[in-house]
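The structure appears right after this line, and notes come after that.
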Amino acid sequence: PAGMRGDHALIIPFTTSGHFIPLLDLTRHLVLRGLTVTVVATSDTLPLLSPLISDHPSSIKALVLPLCLEATSGWNDLTSCTRTAIRDLGTLHGPIRDWIAGHHSPPSVIISDMFAGWAHRLAQEVGIKSILFSPSGAMALSVIFSLWRDMPRPPPADKEDTAFAFPEIPNQPEYPWWQLSGLFRAHREGDPVSEFIKEAFLANSQSWGVVVNSFNELEGAYIDHLMKMVGHGRVWAVGPLLPVEPIVSSGQRGGISSILVEDLVSWLDSCGDRTVLYVCFGSQARLAEEQTAALASALEKSEVNFVWVVREDQPTKVALESFEDRVAGRGLVIRGWAPQLPILNHPAVGAFLTHCGWNSIMEALVAGVPMLAWPMGADQFVNATLIADQLKVARRVSEGASAIPDSDKLARAIREFIDWEDCPERVRADVMRRAAADTMGHGGSSSENFDKMVKHAHV
Ligand code: UDP
């Protein structure tokens, strides 16, 4: 192993699934390289961490701190919930500093989630290194760094579609204001939560190191760009980081799955190869009733097989009334948490209708499944640029958290995607699948970057 026994890293995760899941895999990799890892947990996240601790009881510890999260889900105002959760997590600064000060073998490095940027100052206070963990890809992180550095102002009301360009970033992406990060758009000068978040994001770009859930073969140009932006080479792409086995099957967070994994798998087994569309919009998004109705109608008209994950707290009464009877035999609606990774890796699954969350994209690439893209918020518009316009492993079908897709058009897009065995997106997704497998293997770039990171963090 590249690390030395006894090296100790402290991990500070953000609590939502999309942030927590990849950090668990990062933890696992660090332990496999000989490190001891303490992971900050709350009563909410401890159940996710516990299986990993049971597997590595002497190398992983939980530092459970009381944290009263006012709200981490809530589909009506995700941005304000996220702002509150970021601020709440910041209250751990003092308790963590005290813990480090009193520890007999304190950590030599803090690895903190993008939403815990205050941790870099904490690391300075106690004289240790800090590494930013980005659950977003390198392209999205480049956009985020630029936004908080340049602080562009919103356009006037009559010019809302004005594009904001990022000329320094490779391929010069541009987005209308409404597609920029919601956290950034919610910034109000002088407001304490806003200023706290801004300071934390600026601290992220000044961290000692940066680790990204991506890989060089996927986002090499953006990783190079990040190195230029931060002014040093300690930017490590170590992905794909994936859900570790226990989370896959335990049905945590977002509600217990309404279907047993074995039943789901045997249903998929009964479907032909690549005949099933998997539909899931991650852990945070909630569709409104009209959107659910439009999607249901598209799935019905498409006549393809599908597995559709519907969050439990989403309004569906009218939209899904008798829907499941009408599609019985060829369509499965899962209420609650779905075992996404096994679904994507099942040979019956031929395409993925996704909100373009970064973890979902990584998981689809690992499985070689082409995507239909419906970006809704956060970094998802940037991610859609990468997968649909640049890598061309996805096709765009809808855009925006409140969009109501045209069900005829969507049905046609779904149908064509599933029916066309050699569609170019599928062929390219298969190339990415092989690259993703190689990068984590012996001598692969992500595997080597992991070794480098561990070695650097030790010196
Ligand atoms: N996920 C899952 N089952 C679900 C919904 C989500 O396993 O029903 C997992 C998914 O595999 C991914 C994560 O939750 O690892 C969602 O992260 P992503 O970045 O795709 O989206 P977010 O939830 O952050 O919007």
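On the basis of being over 19 Å from N216 (Cα atoms), surrounded by 15 or more Cβ atoms within 10 Å (Cβ to Cβ) and among the aromatic types (F, W, Y), does F450 make the cut? First the steps, then the outcome.
Working: over 19 Å from N216 (Cα atoms): no; surrounded by 15 or more Cβ atoms within 10 Å (Cβ to Cβ): yes; among the aromatic types (F, W, Y): yes.
So F450 fails the test.
With I361, I343 as the choices, which residue is buried (at least 23 other Cβ atoms within 10 Å of the Cβ), among the β-branched types (V, I, T) and more than 25 Å from Q179 (Cα to Cα)?
On the way: I361 fails: more than 25 Å from Q179 (Cα to Cα).
Being buried (at least 23 other Cβ atoms within 10 Å of the Cβ), among the β-branched types (V, I, T) and more than 25 Å from Q179 (Cα to Cα) holds for just one of I361, I343, which is I343.
When residues of the stretch 195-229 are filtered for being touching a His at 6+ places or on another chain (Cβ under 7 Å) and without any contact (Cβ under 8 Å) to a residue 40 or more places away in the chain, how many remain?
Number satisfying all stated conditions: 0.
What about G34, is it more than 17 Å from the chain's Cα centre (by Cα) and modelled with pLDDT of 95 or more? Explain how you work it out, then say what you get.
Numbers: more than 17 Å from the chain's Cα centre (by Cα): yes; modelled with pLDDT of 95 or more: no.
Taking the combined requirement at face value, the residue does not satisfy it.
Would you pick out the residues in the stretch 440-459 that are hydrophobic (A, V, I, L, M, F, W, C), closer than 21 Å to H8 by Cα and assigned to a helix (DSSP H, G or I)? Explain how you work it out, then say what you get.
Narrowing the stretch 440-459 to residues hydrophobic (A, V, I, L, M, F, W, C): 440, 450, 453-454, 457, 459.
Then drop every residue that is not closer than 21 Å to H8 by Cα, which leaves 450, 453-454, 457, 459.
Once the filter is applied, which keeps residues that are hydrophobic (A, V, I, L, M, F, W, C), closer than 21 Å to H8 by Cα and assigned to a helix (DSSP H, G or I), the stretch 440-459 yields F450, M453, V454, A457.
Return yes or no: is G331 surrounded by fewer than 15 Cβ atoms within 10 Å (Cβ to Cβ), at pLDDT 95 or above and closer than 19 Å to A351 by Cβ? Working first, answer last.
On the way: surrounded by fewer than 15 Cβ atoms within 10 Å (Cβ to Cβ): no; at pLDDT 95 or above: yes; closer than 19 Å to A351 by Cβ: yes.
So G331 fails the test.
Can you report the number of residues in the stretch 187-205 which are within 14 Å of I144 (Cα to Cα) and not in a helix (DSSP H, G or I)?
If we filter the stretch 187-205 for residues that are within 14 Å of I144 (Cα to Cα), which is where we start, we get 187, 197-205.
In the following step, the residues that additionally are not in a helix (DSSP H, G or I) were identified as 187.
Matching residues across the stretch 187-205 total 1.
Can you tell me which residue is surrounded by the fewest Cβ atoms within 10 Å (Cβ to Cβ) among those in the stretch 392-412 that are small (G, A, S) and under 17 Å from C356 (Cα atoms)? Step through it out loud before you land on a result.
Our first condition is that a residue be small (G, A, S); within the stretch 392-412, this holds for 394, 398, 400-403, 407, 411.
So of that shortlist, the ones also under 17 Å from C356 (Cα atoms) come out as 394, 398, 400-403.
Values: A394: 30, S398: 22, G400: 14, A401: 21, S402: 9, A403: 14.
Top of the filtered list is S402.
Inside the stretch 294-367, counting only helices (runs of 4 or more DSSP H) that do not spill past its ends, which hold 1 or more residues that are within 16 Å of the ligand (Cβ to nearest atom)? Full working, then the answer.
Working: elements: 323-326, 340-345, 358-367.
Output list reads 340-345, 358-367.
Would you mention how many residues in the stretch 264-293 are surrounded by fewer than 18 Cβ atoms within 10 Å (Cβ to Cβ) and within 16 Å of the ligand (Cβ to nearest atom)?
Total meeting the criteria: 1.
Determine which single condition R426 fails, assuming it passes every other condition in (1) of a type outside the set (S, T, Y); (2) away from the ligand (no atom under 13 Å from the Cβ); (3) more than 30 Å from P170 (Cβ to Cβ); (4) in a helix (DSSP H, G or I).
The number of the failed condition is (3).
Would you mind stating whether D158 is more than 20 Å from the chain's Cα centre (by Cα), surrounded by fewer than 22 Cβ atoms within 10 Å (Cβ to Cβ) and modelled with pLDDT of 95 or more?
Values: more than 20 Å from the chain's Cα centre (by Cα): yes; surrounded by fewer than 22 Cβ atoms within 10 Å (Cβ to Cβ): yes; modelled with pLDDT of 95 or more: no.
Here the answer is no, as D158 does not meet what is asked.
The values are calculated or read from the model by the stated rules, or taken from the named source; none is laboratory data. None of these values were measured; they are calculated from a predicted model. Note that each Cβ is placed from the backbone with ideal geometry, even for glycine, and that neighbours are counted across all protein chains shown.
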